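Data first, discussion second: the structure below is written as structure tokens.
The values are calculated or read from the model by the stated rules, or taken from the named source; none is laboratory data. Computed from a prediction, not measured in an experiment: that's the story for all the values here. For neighbour counting, all protein chains shown are included, and Cβ atoms are generated from backbone atoms with ideal geometry for every residue, glycine included. Just so you know, the surface numbers come from the protein's heavy atoms only, side chains and all, with ligands and any DNA or RNA stripped out. Shrake-Rupley method; radii C 1.70, N 1.55, O 1.52, S 1.80 Å.
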Amino acid sequence: MTTLADPPATSQAPPTARARRAPGRPRRSRAGRTMKAGPLAYAILGVAVLFSAFPFYWTIVAASRSNADLASVPPALLLGPHLIRNFEAVLAEADIGKALLNSLIVSGSITLGTVLCCTLAGFAFAKLRFRGRGALLAVTVGMMMIPPQLGVIPLFMLIAELGWVNQLQAVILPGLVSAFGVFFMRQYLVQSLPDELIEAARVDGASTARIFWSIVVPIARPGMAVLGLLTFMAAWNDFFWPIVALSSSEPTVQVALRQLGGGYVQDQSVIMAGTLLGTLPVLLVFVLLGRQIVGGIMQGAVKG
């Protein structure tokens, strides 16, 4: 009597995680579920972008219109044909070319000096051990609470004693170091610069200067870019101290804009055209440093 053999058992591997995942579901990361922006998030972002970009757009519109168009109700919201004419009026009423050059020299010098000096001081406060470090840091932070207007009179007396009135160094030298920049770079280097790198460099025989240029500066580059942009914008937009230390013969952009649109009725379109010219260099700096700035912000955001 013959018996039928049992059918061969087929081995099936357990379904993998990829096979079990439904095709329409988003992948999960180790930290949790993948975030997906919805229509509400895009709507909020769109409204925020409109509110942020509208002042700049209105500056361009006002610079391309006449003063009568700006006084009309409702005001014009589209570009007009008078942009070139208003630019010519700006160049005729104020020496805007010299003002742009002076502002570029002043802002560039202050930015370079502030970034270098504040990075050096921040590295010293963050990673070097010396007597009185805590007290000096407390004094530096305390200086941020003093209004800068309190030092205008003694600073001007010092500038006049040195014979620097109406000279660019009178605006450059007082701004080469800022307490905020020192504290900012100190906090950045505390989070971003491991002590092991400095100890390894010491073992290899590197000096403090070599450590700073070869290790600290590459690591601190995103933070330096952020500080550089903030410093450049502050120096470019500064009006109070330049109008005290400089005259109309050696103006910066903000001092030169004060001369625009004069007369019984101010020409707002000419003022807006000058403002547009004064804004373009700041936008150029942001375009050049944008990647470093975003990298510095993101690197600071993920620090734990």
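One table, with the values for the structure above:
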item: Residue count for segment 183-234, restricted to those that are without any contact (Cβ under 8 Å) to a residue 60 or more places away in the chain and of a type in the set (Lys, Arg); result: 2
item: From Val106, Val47, residue being β-branched (Val, Ile, Thr) and out of contact with any Asp or Glu (no Cβ under 9 Å at 6 or more places or on another chain); result: Val47
item: Pair list, Cβ < 6 Å and 6+ apart or interchain, from segment 168-182 residues that are free of Cβ contacts under 8 Å to residues at least 60 places away in the same chain to residues that are part of a loop (DSSP other than H, G, I, E, B); result: Ala179/Met144; Phe180/Met144
item: Residue that is nearest to Val139 (Cα to Cα), among those in segment 180-211 that are open to solvent by less than 50 Å² (accessible area, probe 1.4 Å) and under 23 Å from the mean Cα position of the chain (by Cα); result: Val182
item: Single match in Ala256, Ala220, Ala301 (criterion: at pLDDT 85 or above and either surrounded by fewer than 21 Cβ atoms within 10 Å (Cβ to Cβ) or more than 21 Å from the chain's Cα centre (by Cα) (or both)); result: Ala256
item: Ile105 being in contact (Cβ under 8 Å) with a residue 40 or more places away in the chain, hydrophobic (A, V, I, L, M, F, W, C) and out of contact with any helix residue (DSSP H, G or I) (no Cβ under 6 Å at 6 or more places or on another chain); result: yes
item: Pick from segment 56-84, criterion open to solvent by less than 50 Å² (accessible area, probe 1.4 Å) and in a loop (DSSP other than H, G, I, E, B), ranking: farthest from Ala273 (Cα to Cα); result: Ser72
item: Pairs, first touching a residue at least 40 places away in the same chain (Cβ under 8 Å) in segment 36-60, second open to solvent by less than 80 Å² (accessible area, probe 1.4 Å), C-beta under 7 Å, six or more apart; result: Thr59/Met272; Thr59/Thr275; Thr59/Leu276; Ile60/Leu276
item: Single residue of segment 239-260 satisfying the filter (out of contact with any Phe, Trp or Tyr (no Cβ under 9 Å at 6 or more places or on another chain) and free of Cβ contacts under 8 Å to residues at least 60 places away in the same chain) that is farthest from Arg186 (Cα to Cα); result: Ser248
item: Entirely in segment 117-228, the helices (runs of 4 or more DSSP H) that have 3 or more residues that are under 27 Å from Val287 (Cα atoms); result: 179-192
